[in-house]
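The values are calculated or read from the model by the stated rules, or taken from the named source; none is laboratory data. Predicted model only: the values in this text are computed from it and were never measured. Reconstructed Cβ throughout: ideal geometry from the backbone, glycine too, with neighbour counts over all protein chains shown. SASA here: full protein model, heavy atoms, side chains in, ligands and nucleic acids out. Shrake-Rupley method; radii C 1.70, N 1.55, O 1.52, S 1.80 Å.
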Amino acid sequence: MLKEKVEKALNEQINAEQYSALLYLSMSAWFESKGLPGFANWMYVQYQEELTHANKFFKYVIDRNGEVGLKGIEQMPTEFDNVVEVVEKTLEHEQYVTSLIDKLVDVAVEERDRATESFLKWFVDEQVEEEANVSEILDSLKLIEGKGNGLFMLDRELRQRTFVDTTQAE
Ligand code: FEO
């Protein structure tokens, strides 16, 4: 049985992960519209990953006999100035998600909910990877100043990313 505070925080995280999914889907569409199919693919895979994160939280709340409370869909940003801005926003968003996960761990610790604390460890580790992956792309983009042949080559590289449901690989 989940304590109320933990249940509320977990539900907020389901919604945050769903928000992340839609934000990245919107960014994927923006990249498609700019003729960058590799970046669009990378963001689409990111969207798929975020859905699995939301579903992992969803399943956990159900497994603990908690009550799921879903929010509605908000309007996502659709306009960005340039490629570098989109990737910077992605990194900022991942850093924000990391702070949410850290706060969630604090709630689990305060409420002495060891199962939730243990469950969250996967997300603590995942966020390290999430931030590192985006930082790597941002570093490459800065090197090539976000344009020209370098951008074309980076786009080709990002086309290779395929979706793997890492929430199942345990
Ligand atoms: Fe679900 Fe990208 O954090």
Any residue at all in the stretch 114-121 that is touching a helix residue (DSSP H, G or I) at 6+ places or on another chain (Cβ under 9 Å) and over 26 Å from Leu51 (Cβ atoms)? yes
Filtered residue count, the stretch 16-44, keeping only those that are part of a helix (DSSP H, G or I), surrounded by fewer than 17 Cβ atoms within 10 Å (Cβ to Cβ) and out of contact with any helix residue (DSSP H, G or I) (no Cβ under 8 Å at 6 or more places or on another chain): 1
Would you mind telling me which numbered condition in (1) surrounded by 13 or more Cβ atoms within 10 Å (Cβ to Cβ); (2) within 14 Å of the ligand (Cβ to nearest atom) Tyr96 fails? (1)
Scan the stretch 99-118 for residues that are within 14 Å of the ligand (Cβ to nearest atom) and closer than 18 Å to Thr166 by Cβ and jot them down. Ile101
The number of residues in the stretch 121-139 that are open to solvent by less than 40 Å² (accessible area, probe 1.4 Å) and either part of a loop (DSSP other than H, G, I, E, B) or within 12 Å of the ligand (Cβ to nearest atom) (or both) is 5
Cβ-Cβ below 8 Å, separation at least six or inter-chain, first residue in the stretch 41-56 and away from the ligand (no atom under 11 Å from the Cβ), second open to solvent by 40 Å² or more (accessible area, probe 1.4 Å) and part of a helix (DSSP H, G or I): which pairs? Met43/Leu25; Tyr44/Leu25
When you scan the stretch 82-93, do you find a residue that is of a type in the set (S, T, N, Q), surrounded by 15 or more Cβ atoms within 10 Å (Cβ to Cβ) and out of contact with any Cys (no Cβ under 6 Å at 6 or more places or on another chain), even just one? yes
